[in-house]
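Chemist: Here's a structure for you.
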Amino acid sequence: MTDRNETATYLYCLVRQDRAPVLARAPRGLLATGRARALDAGDGLWLVVADAPLSRYGSAPLETHLRDLEWVAACATAHEAVVEFAARGATIVPLKLFTLFNGDERAVAHIRRLRPTIDRVLDRVAGRQEWGVRVRLDEVAARRRHVERARRVTAGVSSGTRFLVLKKEQQQAVREALARGREDVDAAFESLANVADDARRRPPDSVEGAARLVLDAVFLLPPRRLARFKKVARATATRLGRHGYELTLSGPWPPYNFVGGVA
């Protein structure tokens with residue numbers, strides 16, 4: 001893509017349905033872009049696109065904007081809003097943020113070249129939703145439980161020995177809680193995956209305040225299986241809660257994590 005053209009074609013997602021998606025009430029989309037519109041790729045496949053000014057989304061200005069995390073986050077939110085609108089009642093393939101082409105013809109030509117892969121992906125996600133599951137360990141609560149248990153055990157011990165035991169418990173609390181709960185977390189993922197058509201587990205390497213993320217997973221399932229999935233999630237949350245873990249469920253989402261290789 002070059003900056004010689006006034007605008008580029010920004011691609012939000014692909015939609016499979018007989019008629020063009022109605023986008024008159026779609027969210028505004030990325031800042032300074034045109035209204036979302038549909039391009040016909042043939043055989044019931046539509047591209048949801050918008051005109052993007054190259055003064056803002058061309059190679060050089062975009063590279064500068066990417067250093068502004070707040071700007072990128074705002075773009076991601078606007079992108080997702082259009083994708084989620086298009087997903088209502090249709091099978092879609094969400095495209096990555098900042099997927100841009102030198103005009104409508106190039107966007108359509110690119111998608112047509114990928115049509116066999118796109119059709120396979122659409123078949124896999126048709127009629128299904130993505131749900132997210134996260135499990136966190138409250139490190140403060142874990143330390144508190146270990147120290148309270150140590151206090152009970154050392155009630156009759158000398159103050160010096162008791163101090164050392166309590167200090168050791170504080171240091172080992174999170175490590176022991178993670179080790180003890182690892183099998184339960186693995187079992188939780190497997191039990192939820194058994195209900196879903198597909199599942200992805202991502203590296204849970206973040207710490208949010210006092211809570212450590214120990215499971216970050218997404219699941220693809222048809223709505224008819226949602227009640228069973230939620231039942232398993234509730235039972236899993238209760239079981240993990242005994243070890244100080246908290247399970248959160250989010251969704252439904254478009255199948256962001258199950259359409260790899262399209263663009």
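Chemist: Let me know the Kirkwood hydrodynamic radius for region 7-125, please, with Cα pairs as the basis and the value in Å to one decimal.
Modeler: On the way: mean 1/r = 0.0690 Å⁻¹.
Kirkwood radius, region 7-125: 14.5 Å.
Chemist: Here's something else I'd like to know. Whole-Hz ³J(HN,Hα) for each residue in region 34-46, computed from phi via Karplus 6.51 cos²θ - 1.76 cosθ + 1.60 with θ = phi - 60°, x for glycine and proline: what do you get?
Modeler: Values, residue by residue: x, 5, 5, 9, 10, 10, 7, 9, x, 6, x, 10, 10 Hz.
Chemist: Please state the equivalent ellipsoid semi-axes for region 55-130: what are the square roots of 5 times the Cα gyration tensor eigenvalues, largest first, in whole Å? Mind dumping the intermediate values first?
Modeler: On the way: eigenvalues 136, 65, 18 Å².
That gives 26, 18, 9 Å for the three semi-axes.
Chemist: Can you tell which of VAL133, ALA20, PHE101 lies farthest toward the positive end of the dipole of region 1-135, using +1 and -1 charges on the Cβ of basic and acidic side chains (Lys, Arg; Asp, Glu)?
Modeler: With unit charges placed on the Cβ atoms, the residue in question is VAL133.
Chemist: May I ask which residue of ALA8, ILE111, THR33 lies farthest towards the positive end of the charge dipole of region 7-125, with charges of +1 (Lys, Arg) and -1 (Asp, Glu) on Cβ and the Cα centre as origin?
Modeler: Most positive-ward Cα: ILE111.
Only the coordinates and a few stated rules stand behind these numbers; no lab work does. Nothing here was measured: the structure is a model prediction, and the numbers come from that model. Backbone-built Cβ (ideal geometry, glycine too); neighbour counts: all protein chains shown.
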